[in-house]
Protein chains: 2
Amino acid sequence: MNFRVRAATKEDCKDISRMITELAVYENMPDQVEISHKELERDGFCQNPFFQCLVAEVPEEQKSKEGFTVVGYALYFYTYSTWRGRSVYLEDLYVMPEFRGNGMGKGLLCKVAEVGKKEECVRLQLSVLDWNTPSRDFYAAKGAQDLTVSEGWHFIRFDGQNLDNLANEAPKD
Amino acid sequence: MNFRVRAATKEDCKDISRMITELAVYENMPDQVEISHKELERDGFCQNPFFQCLVAEVPEEQKSKEGFTVVGYALYFYTYSTWRGRSVYLEDLYVMPEFRGNGMGKGLLCKVAEVGKKEECVRLQLSVLDWNTPSRDFYAAKGAQDLTVSEGWHFIRFDGQNLDNLANEAPKD
């Protein structure tokens, strides 16, 4: 199957938004998606964008059953290690089910690695759910370390009222 | 004890670099630090900085035994949730041992939350090692969720030759 991996444009945000919802359905959490293509357009295509995105695109004659040609995406951003420096973090990697098994997921992942290397990043990081064995196996086969298993790193989150409480207790300038 | 939390400047990078090493010693991994104040100056104080930093500063008359007045730091950057949007990620939070117990760590954390809220972030996230009970208890007491425990998120990393291999397999444009 022919496909091309390219940088997303503002015009891709409706396709990306559609696939974000499809991925949330796969992760059994469809009601968690609260942002639309409008927030993606605002946050990804401003002067200091909060994220970067690649899309996988097929030719018109290979479009999906519903008529889509943008059939996969990789959304990422830059982070920083105070030990090693610049890193790239892959937030989402998704390929529509009918296009899987064609190297598109690997193509997106490798392209993020290539872009990261060009920016002098020394790490590519991501998170995966423990029950998602296909993804965990895929990353492990490519040489990834599971730092939660090997070093004991846990993910911590403040949101909602807890985040507001912290902000309200900030020292005054 | 009087202290002030303020945005770091380029001139603070030597102090930040010193404290990054002190934190790595606490985490039992001192030989992991490969970046110096020069990389911090380059990556944190450019046009699209890879990180932001706050420092905690005490008056001259309360300086540390070795003569330091910049005695704590919080290094963070912006990330993005495709479900909820803008987030802030706290990479490092550190206060020198002789200045602990004075609310400085909490002050730094709350200031990051405040800065994040001003940027319309809906989450503050961070990672913690499973054996670091004082930190885990501190975050839990402030309402943080441990997503590794509650949802099963694992941290995955590619680096070194594995990252090079991915980049080398990227599809051609």
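The values are calculated or read from the model by the stated rules, or taken from the named source; none is laboratory data. Not measured: the values here are computed from a predicted model. A quick note on method: Cβ atoms are made from the backbone with ideal geometry, for glycine too, and the neighbour counts reach across all protein chains shown. Remember, those area values only see protein heavy atoms, side chains included, never the ligands or the DNA or RNA. Shrake-Rupley method; radii C 1.70, N 1.55, O 1.52, S 1.80 Å.
Can you name the residue in region B:76-98 that is farther than 20 Å from A:Leu163 by Cβ and not hydrophobic (A, V, I, L, M, F, W, C) and, of all such residues, is surrounded by the most Cβ atoms within 10 Å (Cβ to Cβ)?
B:Tyr94
Can you name the residue in region B:135-167 that is within 7 Å of chain A (Cβ to nearest Cβ) and touching a residue at least 24 places away in the same chain (Cβ under 8 Å) and, of all such residues, is surrounded by the most Cβ atoms within 10 Å (Cβ to Cβ)?
B:Phe155
For region A:59-75, what are the residues that are open to solvent by 10 Å² or more (accessible area, probe 1.4 Å) and either on the phi < 0 side of the Ramachandran plot or among the charged types (D, E, K, R) (or both)?
A:Pro59, A:Glu60, A:Glu61, A:Gln62, A:Lys63, A:Lys65, A:Glu66, A:Phe68, A:Thr69, listed by residue number.
Can you go through A:Arg4, A:Arg42 and tell me which one is open to solvent by 40 Å² or more (accessible area, probe 1.4 Å), under 24 Å from B:Phe50 (Cβ atoms) and within 11 Å of another protein chain (Cβ to nearest Cβ)? Step through it out loud before you land on a result.
On the way: A:Arg4 fails: under 24 Å from B:Phe50 (Cβ atoms).
Just one listed residue meets the conditions, A:Arg42.
Has region B:37-51 got any residue that is touching a Leu at 6+ places or on another chain (Cβ under 6 Å) and within 16 Å of B:Leu90 (Cα to Cα)?
Yes.
Assess whether A:Ser64 counts as being small (Gly, Ala, Ser), touching a strand residue (DSSP E or B) at 6+ places or on another chain (Cβ under 7 Å) and without any contact (Cβ under 8 Å) to a residue 40 or more places away in the chain.
For A:Ser64, the condition - small (Gly, Ala, Ser), touching a strand residue (DSSP E or B) at 6+ places or on another chain (Cβ under 7 Å) and without any contact (Cβ under 8 Å) to a residue 40 or more places away in the chain - is met.
I'm trying to understand the selection: among the residues of region B:99-131, which are more than 9 Å from chain A (Cβ to nearest Cβ), under 22 Å from A:Thr82 (Cα atoms) and out of contact with any strand residue (DSSP E or B) (no Cβ under 6 Å at 6 or more places or on another chain)?
Listed by number, the list holds a single entry, B:Arg100.
Among what's in region B:120-134 and is surrounded by fewer than 17 Cβ atoms within 10 Å (Cβ to Cβ) and hydrophobic (A, V, I, L, M, F, W, C), pick the residue that is farthest from B:Leu23 (Cα to Cα).
This residue is B:Trp131.
Being aliphatic (A, V, I, L, M), open to solvent by less than 50 Å² (accessible area, probe 1.4 Å), over 16 Å from B:Phe158 (Cα atoms) and not in a loop (DSSP other than H, G, I, E, B), is that true of even one residue in region A:99-119?
Looking only at region A:99-119, we keep the residues that are aliphatic (A, V, I, L, M), and these are A:104, A:108-109, A:112-113, A:115.
Retained after the next criterion (residues that are open to solvent by less than 50 Å² (accessible area, probe 1.4 Å)): A:104, A:108-109, A:112-113, A:115.
Those still in the list that are over 16 Å from B:Phe158 (Cα atoms) too: A:104.
Cutting the leftovers down to not in a loop (DSSP other than H, G, I, E, B) gives us A:104.
The answer is yes; a qualifying residue exists.
Does region A:36-56 contain any residue that is closer than 25 Å to B:Gly116 by Cα, touching a residue at least 40 places away in the same chain (Cβ under 8 Å) and assigned to a loop (DSSP other than H, G, I, E, B)?
Checking region A:36-56: at least one residue is closer than 25 Å to B:Gly116 by Cα, touching a residue at least 40 places away in the same chain (Cβ under 8 Å) and assigned to a loop (DSSP other than H, G, I, E, B).
Where the second residue is buried (at least 21 other Cβ atoms within 10 Å of the Cβ) and the first is among the basic types (Lys, Arg) and lies in region A:74-99, which pairs have Cβ atoms under 6 Å and are six or more apart or on separate chains?
Partner pairs satisfying both residue conditions: A:Arg86/A:Cys121; A:Arg86/B:Phe50.
In region B:7-16, which residues are buried (at least 19 other Cβ atoms within 10 Å of the Cβ) and of a type in the set (Gly, Ala, Ser)?
Restricting attention to region B:7-16, the residues satisfying the condition of being buried (at least 19 other Cβ atoms within 10 Å of the Cβ) are B:8, B:12-13, B:15-16.
Scanning region B:7-16 gives a single hit, B:Ala8.
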